[in-house]
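Notes follow the structure.
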Amino acid sequence: MLGRGSRAVDLAVIKGLLIDMDGVLYRGQAPIAGAERFIAFLRCEGISFILLTNNSSLTPGEYVAKLWGMGIEVRAEEILTSAQATARYLAQQEPEGARVYVIGREGLRQALMEQRFTLVEENADYVAVGWDWELTYAQLKRATLLIRAGARFIATNPDPTFPSEVGIIPGNGAILAAIEVATDVRPLVIGKPQPIIFQLALAQLGLDGQGIAVLGDRLETDVLGGQRMGLGTLMVLSGVTNEEKLEKSSIQPDLVFEDVAHLQRVWMEILGC
């Protein structure tokens, strides 16, 4: 355990966690060693949590099934995706719904439809972009034309890369970059590190910011977002951030661990378990 940030975080007083999934609990379809035991430990100690992911591709139900397949038992209400956050935010702006062109997977499409938005191919009010590993040039072309025609550009998350089981691959930020270059328009980003998704997560957790920490693997989303919200920040090096990148970054988490198994061991020692 390494203390990096300027804020002192005492694991003994943490009562809630906002936990990233990709790179923390699993990589792609492969669970990270100790993830199942870590979630069980949190339940045993009465520590509430929300699995807060910038990955908009899956629905909460699909995440539940994926995690259960890895032996990690969670409920849909313990998950908040950037797709859900994007749809909820848009519903606040457009309570009667609006026309949305979507680049993204079922997680984003379902979240928008649940909030009464109409998914369209033409004459869109919004272009909503989430990570899609089957992205085509035709989709980039349509998004560009719609934004240039006046549609508002909104993004689920800015992550430039994604920690898969085969290595680091392009993330949603890479898609956003292509559209931004083609339109000269920057998207409104809803996911981490923006405060919108953290505010929604805290409301879903049912707690204020006291005794709450963010646990993630990415400096520019998990850690930076937590710091902006005044939350404690815990980082694991099992995802996209390695020791070299951490050393060079101006963004420094409060505590650093190799993985969730290491975090659990340290936490149990502090609690005297």
Looking at the range 93-192, which trypsin sites (Lys or Arg not before Pro) are in a loop (DSSP not H, G, I, E or B) and have at most 16 other Cβ atoms within 10 Å? 116
Build a GNM of the chain with springs between Cα atoms under 10 Å: which of 145, 219, 67 gets the top mean-square fluctuation? 145
In sequence order, what are the phi-derived ³J(HN,Hα) couplings for the range 62-72 according to the Karplus relation 6.51 cos²θ - 1.76 cosθ + 1.60 with θ = phi - 60°, rounded to whole Hz, with x for glycine and proline? 5, 5, 4, 5, 4, 5, 4, x, 9, x, 9
When ranked by the protection proxy of mean other Cβ atoms within 10 Å per residue, highest first, what sequence do the peptides 195-202, 166-173 form? 195-202, 166-173
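Taking 41 Å as R0, compute the FRET efficiency from the Cβ-Cβ separation of residue 10 and residue 138 and round it to 0.05. Could the numbers behind the result be given before it?
Working: r = 52 Å, r/R0 = 1.28.
Calculated value: 0.20.
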Once fully extended, how much extra length lies between residue 43 and residue 245, figured as 0.36 nm per residue of separation less the alpha-carbon to alpha-carbon distance? 69.5 nm
Distance in nm between pseudo-label sites at residue 166 and residue 106 (7 Å out along the Cβ direction from Cα): 2.2
Total lysine pairs under 23 Å (Cα atoms) in the chain, excluding pairs fewer than 8 apart on one chain: 4
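Rounded to the nearest 500, what is the 222 nm mean residue ellipticity of the chain from helices alone, with -39500 (n - 2.57) per DSSP H run of 4+ residues and division by all residues? All intermediate terms of the calculation are to be shown ahead of the outcome.
Working: 10 runs with 99 residues, N = 273.
Mean residue ellipticity, 222 nm, calculated: -10500 deg cm²/dmol.
Where a number appears in this text, it was derived from the coordinates with a stated rule and is not lab data. Predicted model only: the values in this text are computed from it and were never measured. So basically every Cβ, Gly included, is an ideal-geometry build from the backbone, and we count neighbours across all protein chains shown.
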